[in-house]
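Report on the following structure.
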Amino acid sequence: MIDRDGFLALMRDRYACKRFSAERRVDDAEAAYVLECGRLSPSSFGLEHWHFFAARSASAIANLRKACFDQDAVGTASLVVVIAARRAPAYDPQGPFVASRGSRFPGTLSAFVEDFSGYYDFLRENNMLDHWARSQCYLACANMMTGAVASGIDSCAIEGYDNEMVLESLGLSPCEWETGIVVAFGHAALSESREKIRAPFSEVVTYV
Ligand SMILES: Cc1cc2nc3c(=O)[nH]c(=O)nc-3n(C[C@H](O)[C@H](O)[C@H](O)COP(=O)(O)O)c2cc1C
């Protein structure tokens, strides 16, 4: 097991890399590892609201670069993951998606549906279903980035994108999917260590 200091050192080492090496590409085993870190992430009610669209080819990455306002971090990456969230209709407690996810858990599907329905009604009545689904993608993103740095892979989370262009480049319908977040991975073009700029602990933490 990794100790606390070791884990915090990893957290300090990760930084938002803006340009990746053209020579040292993320290989297939590294890509599979990063995606597995995403797959293992937790989600509300265990519904796994996401799908991970992993761009590896020059053409798929070039299309995503355009959809991400021509950002270098995307264009120079050798793995770009679009974490897409299913849109609100998927979460109908009586629908097929909830049935397929809910039936995997111990206990009956009807018990799962009954448990989920109260929260679903709250989210629907407050028009929060899409926001809720998209929020889950950030957890997977964070786990993938932390997992990546633990294996010597650099990354950058990308929120600067045009949702419809991202979906179009993947052949996805905006009625069914929303871009949760985009994450670029590679090996940094320059070896650099960046100072972590963070507010002090006492400013951002209050024990209550
Ligand atoms: C949700 C999220 C979205 C981000 N979107 C972008 C982006 O579109 N382009 C970019 O260059 N950096 C982006 N960043 C990187 C942040 O600017 C960076 O993480 C932050 O300044 C802290 O720096 P550090 O990650 O190097 O510690 C994003 C980071 C997060 C967490």
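Laid out as a table, the results:
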quantity: Length-normalised contact order of the chain in % [C-alpha pairs under 8 Å, at least 6 apart]; calculated: 34
quantity: ASP28-HIS51 pseudo-label distance in nm [points 7 Å out on the Cα-to-Cβ vector]; calculated: 2.3
quantity: Per-residue HN-Hα couplings for segment 56-61 [Karplus 6.51, -1.76, 1.60; θ = phi - 60°; Hz; x = Gly/Pro]; calculated: 10, 7, 4, 6, 5, 5
quantity: Cβ-derived FRET efficiency at R0 22 Å, GLU195 paired with MET1, nearest 0.05; calculated: 0.15
quantity: Footprinting exposure proxy for PHE69, PHE45 (fewest neighbouring C-beta atoms within 10 Å first); calculated: PHE69, PHE45
quantity: Residue-wise HN-Hα coupling along segment 132-144, computed from phi with Karplus coefficients 6.51, -1.76, 1.60 (Hz; x: Gly, Pro); calculated: 4, 5, 5, 4, 4, 5, 5, 5, 5, 4, 4, 5, 5
quantity: For the chain, average projected area of the Cα convex hull in nm²; calculated: 14.4
quantity: Inter-part distance where segment 146-190 and segment 18-42 are each reduced to a Cα centre, Å; calculated: 11
quantity: Where a label projected 7 Å from the Cα of LYS66 along Cα→Cβ would reach, residues of segment 125-161 with amide N under 17 Å; calculated: 161
quantity: Binned Cα-Cα distances of segment 102-143, short to long, each 10 Å bin given as a whole percent; calculated: 26, 35, 37, 2
quantity: Ordering of 197-204, 71-78, 155-162 by packing [mean C-beta count within 10 Å, highest first]; calculated: 71-78, 155-162, 197-204
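Coordinate-derived values only; no laboratory data. Source: prediction; values computed, not measured. All Cβ positions, even for glycine, are placed from backbone atoms using ideal geometry, and neighbour counts span all protein chains on display.
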